[in-house]
Amino acid sequence: MPSPRWNKVLRDVWLHKPRTVLVVLAIAIGITGAGSVLNTWSLLRRVTREEFRASNPPSATFRTDSVDDALIARVRALPAVGDAQARRTVIAAVRTANGPRTAVLFVAGDPANIRIGIVHPEAGVWPPADGQIAVERSSVEFASVTLGDSLEVQLRDAGPEPLKVTGIARDVGLAPGWMEHVVYGFVSRGTLARLGAPSSLNELQVVVRDRSLDQAAVRRVADDVKRVVESTGRRVADVNVPVPGRHIHAAQIDSLLFTQGAFGVLALLLSGFLVVNLIGAMLAGQVREIGVMKAVGARGAQIAGMYLGLALVLGLVASAVALPAAAAIGLAYAQFTASVLNFDVTGFTIPPGIIALQLVVGILMPVVAAAVPVLRGCRISVSEALRDSGIGRSSGSTGFLLGRASGVTRPLLLSLRNAFRRRQRMALTLLALATGGAVYLGAINLRASVVRSVDLIFDSQHYDIVLRFGRSWPADSLESALASVPGVARAEAWSAGRAAVSRPDGTMGNTFSVVAPPLPSRALALAVESGRWLTAGDTNALVVNRPLMKDDPDLKTGRDVTLIIAGRPTRWTVVGVVQSGPTPSAWVPREALARILGGGRFDRAVVARAPGGPASTLEIVQRVRAEMARRGIDVESSDLLSENRRVIEDHLLMVAGFLGVMSQLMIVVGGLGLAATMSLSVLERTREIGVMRAIGAQHHAILAMVQVEGLVIAVASWAIAIPLSVPMSVVLGRAFGRVMIPVPVTLLPEPGGVLRWLAVVVVVSVAGCAWPAFRAMRVTTSAALAYE
Amino acid sequence: MNLNTEMRPVISMRGVTKTYRGAVEPFTALADVSLTITRGEFVVVVGQSGSGKSTLLGLLSGIDRPTRGEVIVDGTAVHALPERAISAWRGRAVGIVFQFFQLLPTLTAAENVMLPMDFCGMWPPRERRERAVTLLERLGVADQVDKLPASLSGGQQQRVAVARALANSPALLLADEPTGNLDSRTSAAMLELLAGLVQDGSLQTLVMVTHERGAQRFASRTVTLEDGRIVPAAAAGNA
């Protein structure tokens, strides 16, 4: 039989069921929120690392003339090389229900035995036979295809070839197709021949024997491999050595995991505030009883033990509810995020340590949150406790000042004073809501900053279409042919290629794209961060962007560097750093690059459509293709700049979007805090409400009193969130800049965002106060005056 | 009967002054009060509102601390007890009966009586309920043992409160207006009950603050307070 003191604890819990349920709910919400995020985080972390590692990603990839079994055998014989295999990658165009798309087709030497960059067949047939295509899972929706459909694939000016979609496969090493706006497909060498491309393989994928090597060490191994390839008389066009074990989208995954973790902690803190408020209110109603217990011999520690024990039990009950919910939500969210990032959580479970951590936090959080109000409540002297007459505290100077404000009606004044009556409770409620609001505004600011950054990048690109040709052509031929197309305002022939930095230690950096516009160019003038843009008369000037500088820190303004282009070392001087997208890129004078690539001919052109013309960009693409075909110029691919912009935005705004979702969740937690505060306020003032009823207050007056009180807190949190959003924007902007691309930090909140936040907080307040207001309206005079 | 024990002072107050810090100026509730009460006495403390009666009880129970002077109860210097020790001492040495009963609403009558035993670790846990029931029987509320306070009458609640005050067999029972919230018939019964407890030895010493006119006839001594000072017996009799 439990002792009387524990009987008291249990019966108090039962007697104040609504309050108990609120406390359990607050803890459960906090644990569910934080637990879901933690579960998602742990699952994603494990899945992305383990699945990527299990795919045996290449340590280095070489593009060369052709790769045969003899070369593979020679490379495998190198002591530092673990394995090697060959494949070919081909860029093509596909016609989908949503219009033309760029396709990247992979052809493996032995598709039934891919050992490096393992491809998982997910549905249908593997490997695809001649005339068939297996579409990569992350591209299926973008390509609008299902198994059994026919997909028209076209290489350069060869006729479109219908390929039957017979399989869906997954390659975790690829950046998701939906995000890249690319259709990835796997085809046979026979299919490649049908499409009109050489069926030989030209990529060599290598894994090092020692997987613990860092990037520099792998680069040295890659250099040995390169020498072996070159010793056979082959030319190595480029070498790509990724950071070992790091997924191509690791930055996005990391930032997602980081923000998830940070928001999990924040959600826990907010629910901690809620618990502090609720336990504080619970103790406020027990002051007299604490006094009586002390009077009959209870020591402070015994009373503290009772209430902390109660908090512990409530934490246990809340954890019993929250842990399964957090596991289910975490798994579902991890499944969703993993599928977005092209991973699969099937077969992965939440680590037991993570579950145990949630249980410990679930039990301890209410105890810690309750500790301050419990210790304060238990320190109260018997005489003070026995004198306690419940709520009756004044709103202090704030209420006094409010009382002096002119034009404030009595009922409104009452609501205003009520809001300031329990200052600590109000402060915590305000803090919770305002934090949610600050993140909300910060996410809006970040989104605006990202869009502005993308605007800045694309404002400097005065063209709409990028054309790639199968062969090189004289600039005049290309430019005059394109200018003759109705709807085209101007066109420029460009040169482009791939380059890699030749380092002093003899190794090569990763390859990056080099774009070469004519000088001066009317189509391109990128925003300069430092140094200058290319000018007419430049011969060996090189302009780089920040992501390239991040990869190769030696590329600073004023430095002379050696770039390997088309297998030849060439000297350049870095003259400036520009703002562009997240992909490492460089720009050089057109003629300089054309000379290196041979013949002063060009295989690329950009086209600007006439402003205000009736034809859409897609129509102009069709006209251009038709005109080029008429002149015998083979267009390999055509990309819309707007599409490129969407690709970049999809990459960058994903994080901002996630922040937005998290801020909404935090506002929901803040709203629950407000609802809890108002419920307690009504519970504590039941007698007062009864008195108001006795002196003539009607339903609408009681309703208005509660709702206005909630609105006062809501509007105050709205106002506090605005300055709070400034440091939040700085933190988010800087964190985003570190992981993705630097964005101009927007300090002042967007006016539209501020108004939206006001609307959100008003809705949250009205919704959060609805139940407490309804409860207050149902209070009868007799019941209220009998209430203890 | 051991005369030495009987005559030993249970309460010894010497030069006790209690001053409260008021909002405007300090207020002296008790001024230089000295009082000795021996075992077996039933002392009634009377006086006007604000004369210092409740302050006196507060100081005797350790609920309040004197500004100056000594309060010794059953050999313990209450004024010098550290805060952390005072609750445990009070639970064992003093029983308190309040005007508004102050029973815990979620505990039954028996559980309310068992609570001081629980907090002070008095009596083996298995025997506590039996003792509580015995006390409630002696106080005439045996049939209310498992009822919650809300279902008891005022008189019954006060009897349960007395039983709770006696739970740990304290040397001293302090009662603050125990009849203040009862009707006249119930009040008289309560006074008779308390006097009977002193007489039959269930209660060693009783100090009761009251406004009840008839209370003095049950008491062995009356102490009159006026403006924080004890009025000499002769003067009180004249008043």
Checklist entry - What about A:W41, is it within 14 Å of chain B (Cβ to nearest Cβ) and assigned to a helix (DSSP H, G or I)? => result no
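Being surrounded by fewer than 24 Cβ atoms within 10 Å (Cβ to Cβ) and not in a loop (DSSP other than H, G, I, E, B) is the filter; apply it to region A:278-289 and report the residue that is nearest to the other protein chains (Cβ to nearest Cβ). Spell out how you get there, then give the answer.
Of all residues in region A:278-289, those surrounded by fewer than 24 Cβ atoms within 10 Å (Cβ to Cβ) come to A:280, A:283-289.
Next, only the ones that are not in a loop (DSSP other than H, G, I, E, B) stay: A:280, A:283-284, A:287-289.
Numbers: A:G280: 20, A:L283: 15, A:A284: 16, A:V287: 12, A:R288: 8, A:E289: 6 Å.
Filtering region A:278-289 for residues that are surrounded by fewer than 24 Cβ atoms within 10 Å (Cβ to Cβ) and not in a loop (DSSP other than H, G, I, E, B), the one nearest to the other protein chains (Cβ to nearest Cβ) comes out as A:E289.
From A:S502, A:S513, A:S495, grab the single residue that is over 26 Å from A:A626 (Cβ atoms) and touching a Lys or Arg at 6+ places or on another chain (Cβ under 8 Å).
Details: A:S502 fails: touching a Lys or Arg at 6+ places or on another chain (Cβ under 8 Å); A:S495 fails: over 26 Å from A:A626 (Cβ atoms).
Of A:S502, A:S513, A:S495, the one residue that is over 26 Å from A:A626 (Cβ atoms) and touching a Lys or Arg at 6+ places or on another chain (Cβ under 8 Å) is A:S513.
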Checklist entry - When you look at A:S765, is it among the polar types (S, T, N, Q), under 23 Å from A:N277 (Cβ atoms) and either crowded, with 18+ Cβ neighbours inside 10 Å or modelled with pLDDT under 80 (or both), yes or no? => result yes
Next on the checklist: Considering only region A:309-321, I want to know if a residue exists there that is in a helix (DSSP H, G or I), crowded, with 21+ Cβ neighbours inside 10 Å and within 14 Å of chain B (Cβ to nearest Cβ).
Outcome noted: yes
Checklist entry - Would you call A:V275 touching a residue at least 12 places away in the same chain (Cβ under 8 Å), farther than 21 Å from A:R49 by Cβ and either in a helix (DSSP H, G or I) or within 14 Å of chain B (Cβ to nearest Cβ) (or both)? => result yes
Checklist entry - A:L78 is checked against (1) crowded, with 22+ Cβ neighbours inside 10 Å; (2) part of a loop (DSSP other than H, G, I, E, B); (3) not acidic (D, E) and fails just one. What number does that condition carry? => result (1)
Checklist entry - From the set of residues in region A:625-658 that are under 30 Å from A:V715 (Cα atoms) and crowded, with 22+ Cβ neighbours inside 10 Å, which is modelled with the highest pLDDT? => result A:A656
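Can you tell me which residue within region B:30-66, out of those that are of a type in the set (V, I, T) and not in a strand (DSSP E or B), is farthest from the other protein chains (Cβ to nearest Cβ)? Break it down into steps so the answer makes sense when it comes.
Here is the first cut: in region B:30-66, the ones of a type in the set (V, I, T) are B:33, B:36-38, B:43-46, B:55, B:63.
Pick out the ones that are also not in a strand (DSSP E or B) and you get B:55, B:63.
Values: B:T55: 10, B:I63: 4 Å.
Only one residue tops the list, namely B:T55.
Please tell me if A:V578 is aliphatic (A, V, I, L, M) and in contact with a Lys or Arg (Cβ under 6 Å, 6 or more places away or on another chain).
Values: aliphatic (A, V, I, L, M): yes; in contact with a Lys or Arg (Cβ under 6 Å, 6 or more places away or on another chain): no.
For A:V578, the condition - aliphatic (A, V, I, L, M) and in contact with a Lys or Arg (Cβ under 6 Å, 6 or more places away or on another chain) - is not met.
Out of curiosity, is A:I253 surrounded by 18 or more Cβ atoms within 10 Å (Cβ to Cβ), within 14 Å of chain B (Cβ to nearest Cβ) and of a type in the set (A, V, I, L, M, F, W, C)?
Numbers: surrounded by 18 or more Cβ atoms within 10 Å (Cβ to Cβ): yes; within 14 Å of chain B (Cβ to nearest Cβ): no; of a type in the set (A, V, I, L, M, F, W, C): yes.
Against the criterion (surrounded by 18 or more Cβ atoms within 10 Å (Cβ to Cβ), within 14 Å of chain B (Cβ to nearest Cβ) and of a type in the set (A, V, I, L, M, F, W, C)), A:I253 does not qualify.
Looking for whichever is among the small types (G, A, S), modelled with pLDDT under 80 and under 30 Å from A:A169 (Cβ atoms) here; the options are A:S389, A:S339. Which one fits?
Working: A:S389 fails: under 30 Å from A:A169 (Cβ atoms).
Just a single option satisfies the conditions, and that option is A:S339.
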Next on the checklist: Residues that are more than 22 Å from B:H211 (Cβ to Cβ), buried (at least 19 other Cβ atoms within 10 Å of the Cβ), among the acidic types (D, E) and without any contact (Cβ under 8 Å) to a residue 40 or more places away in the chain: does region B:95-112 have at least one?
Outcome noted: yes
Checklist entry - Which residues, taken from region A:125-171, are in a loop (DSSP other than H, G, I, E, B), more than 12 Å from A:A92 (Cβ to Cβ) and either of a type in the set (A, V, I, L, M, F, W, C) or free of Cβ contacts under 8 Å to residues at least 12 places away in the same chain (or both)? => result A:V125, A:W126, A:A129, A:V145, A:L147, A:G159
Item to check | Residue list for region A:105-121, restricted to those being assigned to a strand (DSSP E or B) and crowded, with 18+ Cβ neighbours inside 10 Å | outcome: A:L105, A:F106, A:V107, A:A108
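Counting only residues that are β-branched (V, I, T) and part of a strand (DSSP E or B), which one in region B:76-107 is nearest to the other protein chains (Cβ to nearest Cβ)? Before the answer, list the steps.
Residues of region B:76-107 that are β-branched (V, I, T), as a first pass: B:76, B:78, B:86, B:94, B:96-97, B:106.
Right, trim to part of a strand (DSSP E or B) and you get B:76, B:94, B:96-97.
On the way: B:T76: 14, B:V94: 9, B:I96: 5, B:V97: 10 Å.
Going through the qualifying residues, I end up with B:I96.
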Checklist entry - Of (1) within 14 Å of chain B (Cβ to nearest Cβ); (2) surrounded by fewer than 20 Cβ atoms within 10 Å (Cβ to Cβ); (3) touching a residue at least 24 places away in the same chain (Cβ under 8 Å); (4) in contact with an Asp or Glu (Cβ under 9 Å, 6 or more places away or on another chain), A:D12 satisfies all except one. Which? => result (2)
Checklist outcome for this item: Selection from region B:149-166 of residues more than 9 Å from chain A (Cβ to nearest Cβ) and either touching a Lys or Arg at 6+ places or on another chain (Cβ under 6 Å) or under 19 Å from A:S3 (Cα atoms) (or both) yields B:P149, B:V160, B:A161, B:A163, B:L166
Next on the checklist: With the structure loaded, tell me whether A:A158 is touching a helix residue (DSSP H, G or I) at 6+ places or on another chain (Cβ under 7 Å), at pLDDT below 90 and surrounded by fewer than 19 Cβ atoms within 10 Å (Cβ to Cβ) or whether it fails that test.
Outcome noted: yes
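So how many residues does region B:193-235 have that are of a type in the set (G, A, S), crowded, with 19+ Cβ neighbours inside 10 Å and not in a helix (DSSP H, G or I)? Reasoning before the result, please.
Taking region B:193-235 and keeping what is of a type in the set (G, A, S), we get B:195-196, B:201-202, B:214-215, B:219-220, B:228, B:233-235.
With the extra rule that they be crowded, with 19+ Cβ neighbours inside 10 Å, the set shrinks to B:195, B:215, B:219, B:228.
In the following step, the residues that additionally are not in a helix (DSSP H, G or I) were identified as B:219, B:228.
Looking only at that region, the number is 2.
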Item to check | Residues of region A:612-665 satisfying the condition of being of a type in the set (S, T, Y), touching a residue at least 60 places away in the same chain (Cβ under 8 Å) and not in a helix (DSSP H, G or I) | outcome: A:S637, A:S638
Checklist entry - What residue, of B:E130, B:E137, is within 13 Å of chain A (Cβ to nearest Cβ) and either under 27 Å from A:Q286 (Cβ atoms) or in a helix (DSSP H, G or I) (or both)? => result B:E130
Checklist entry - A:A298 passes all but one of (1) more than 14 Å from chain B (Cβ to nearest Cβ); (2) in a loop (DSSP other than H, G, I, E, B); (3) not acidic (D, E); which number fails? => result (1)
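Give A:D238, A:D254, A:D223, A:D210 a once-over and let me know the one that is part of a strand (DSSP E or B), out of contact with any Phe, Trp or Tyr (no Cβ under 7 Å at 6 or more places or on another chain) and either modelled with pLDDT under 90 or not β-branched (V, I, T) (or both).
Numbers: A:D254 fails: part of a strand (DSSP E or B); A:D223 fails: part of a strand (DSSP E or B); A:D210 fails: part of a strand (DSSP E or B).
Of A:D238, A:D254, A:D223, A:D210, the one residue that is part of a strand (DSSP E or B), out of contact with any Phe, Trp or Tyr (no Cβ under 7 Å at 6 or more places or on another chain) and either modelled with pLDDT under 90 or not β-branched (V, I, T) (or both) is A:D238.
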Next on the checklist: Looking at A:S138, A:S59, A:S150 in this structure, which one is modelled with pLDDT under 90 and either under 30 Å from A:F348 (Cβ atoms) or touching a Pro at 6+ places or on another chain (Cβ under 9 Å) (or both)?
Outcome noted: A:S138
Item to check | Scope region A:257-293; condition over 24 Å from A:L314 (Cα atoms) and either out of contact with any helix residue (DSSP H, G or I) (no Cβ under 8 Å at 6 or more places or on another chain) or modelled with pLDDT of 80 or more (or both); matching residues | outcome: A:A262, A:V292
Checklist entry - Does B:S169 satisfy the condition of being part of a loop (DSSP other than H, G, I, E, B), under 19 Å from B:I37 (Cα atoms), of a type outside the set (D, E) and within 14 Å of chain A (Cβ to nearest Cβ)? => result yes
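Kindly establish whether A:D551 is under 30 Å from A:E203 (Cα atoms) and of a type in the set (D, E). It would help to see each step written out before you state the result.
Values: under 30 Å from A:E203 (Cα atoms): yes; of a type in the set (D, E): yes.
Yes.
Quick check, is A:A427 crowded, with 24+ Cβ neighbours inside 10 Å and over 21 Å from the mean Cα position of the chain (by Cα)? I'd like the intermediate steps shown before the answer.
Numbers: crowded, with 24+ Cβ neighbours inside 10 Å: no; over 21 Å from the mean Cα position of the chain (by Cα): yes.
In short, no.
The values are calculated or read from the model by the stated rules, or taken from the named source; none is laboratory data. Just so we're clear, the structure is a prediction, and the values are computed from it rather than from any experiment. Quick reminder, even Gly has a Cβ in these numbers, built from the backbone with ideal geometry, and neighbours come from all protein chains shown.
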